[in-house]
Amino acid sequence: MKILETLAKACAVLAGVLLTGITLMTCVSLIGRNTTGWTLVGDFELSGSAAGAAIALFMPWCQVRRANIIVDFFTAKASERTTRALDRLGALVLAVCMGLLAWRSGIGGINAWKSGSGSMMLGFPEWVVYVCMVPPLALTAVIGLVQAFRGFGQERTA
């Protein structure tokens, strides 16, 4: 689990760097637009693409830390054993969903690459975003599987 945690942390750092870069780009574009009339063409497209990739990159860290949204209304009075079993079942369901998302994102990336589709203003290739999303989604699936079959090893941190 230590290797998975390290990879998840690296994904989160990369997502933070990506969002910081996009934030700086947006600030430059807005300041330019409001002061000199100069703007970065396609900044909106790049922001949307980066946000999608960043969300996927944050998912493994969220799962490692058990910081995804948990609704415990129905299990608040359940035994510790029942809660642990349901948490493991939830991790398994999440792993399956993330595996499906990784698989379908991979297929979407291949289709976008074959068709040569790109963004409207810049022509930024859409397949790049898909490629950036597949590894963290697959990593989240693996983390969920490990948690489902091995348990969590610690109390919920969120």
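The values are calculated or read from the model by the stated rules, or taken from the named source; none is laboratory data. The structure displayed is predicted, hence computed values, not measured ones. Here the Cβ is made from the backbone with ideal geometry for all residues, glycine too, and neighbour counts use every protein chain on show.
Things to note:
- Residues in segment 56-85 that are part of a helix (DSSP H, G or I) and in contact with a Ser or Thr (Cβ under 6 Å, 6 or more places away or on another chain): Met59, Pro60, Gln63, Thr83.
- Single match in Leu89, Leu94 (criterion: touching a helix residue (DSSP H, G or I) at 6+ places or on another chain (Cβ under 8 Å), part of a helix (DSSP H, G or I) and surrounded by fewer than 12 Cβ atoms within 10 Å (Cβ to Cβ)): Leu89
- Residue that is modelled with the highest pLDDT [pool: residues in segment 102-131 that are in a helix (DSSP H, G or I) and of a type in the set (Phe, Trp, Tyr)]: Trp103
- Within segment 1-37, tally of residues that are in contact (Cβ under 8 Å) with a residue 40 or more places away in the chain and either surrounded by 14 or more Cβ atoms within 10 Å (Cβ to Cβ) or of a type in the set (Ser, Thr, Tyr) (or both): 9
- Which numbered condition Gly118 fails, given (1) farther than 25 Å from Ile69 by Cβ; (2) exposed (fewer than 12 other Cβ atoms within 10 Å of the Cβ): (2)
- Check on Met59, of a type outside the set (Phe, Trp, Tyr), within 17 Å of Leu101 (Cβ to Cβ), touching a Leu at 6+ places or on another chain (Cβ under 7 Å) and surrounded by 14 or more Cβ atoms within 10 Å (Cβ to Cβ): yes
- Single match in Leu18, Leu40 (criterion: out of contact with any Asp or Glu (no Cβ under 9 Å at 6 or more places or on another chain), among the hydrophobic types (A, V, I, L, M, F, W, C) and in a loop (DSSP other than H, G, I, E, B)): Leu40
- Taking segment 106-142 as the range and being touching a Gly at 6+ places or on another chain (Cβ under 6 Å) and of a type in the set (A, V, I, L, M) as the test, the residues that pass are Met121, Leu122, Val129, Val131, Val134, Ala141.
- The residue that is nearest to Val142 (Cα to Cα), among those in segment 94-112 that are of a type in the set (A, V, I, L, M) and in contact (Cβ under 8 Å) with a residue 24 or more places away in the chain, is Ala95.
- Of the numbered criteria (1) surrounded by fewer than 18 Cβ atoms within 10 Å (Cβ to Cβ); (2) assigned to a helix (DSSP H, G or I); (3) β-branched (Val, Ile, Thr), the one Val134 fails is (1).
- Among the conditions (1) outside any helix (DSSP H, G or I); (2) surrounded by 12 or more Cβ atoms within 10 Å (Cβ to Cβ), the only one that Gly48 does not satisfy is (1).
- Among the residues making up segment 1-37, a single one is more than 25 Å from Leu137 (Cβ to Cβ) and touching a Phe, Trp or Tyr at 6+ places or on another chain (Cβ under 8 Å): Gly32.
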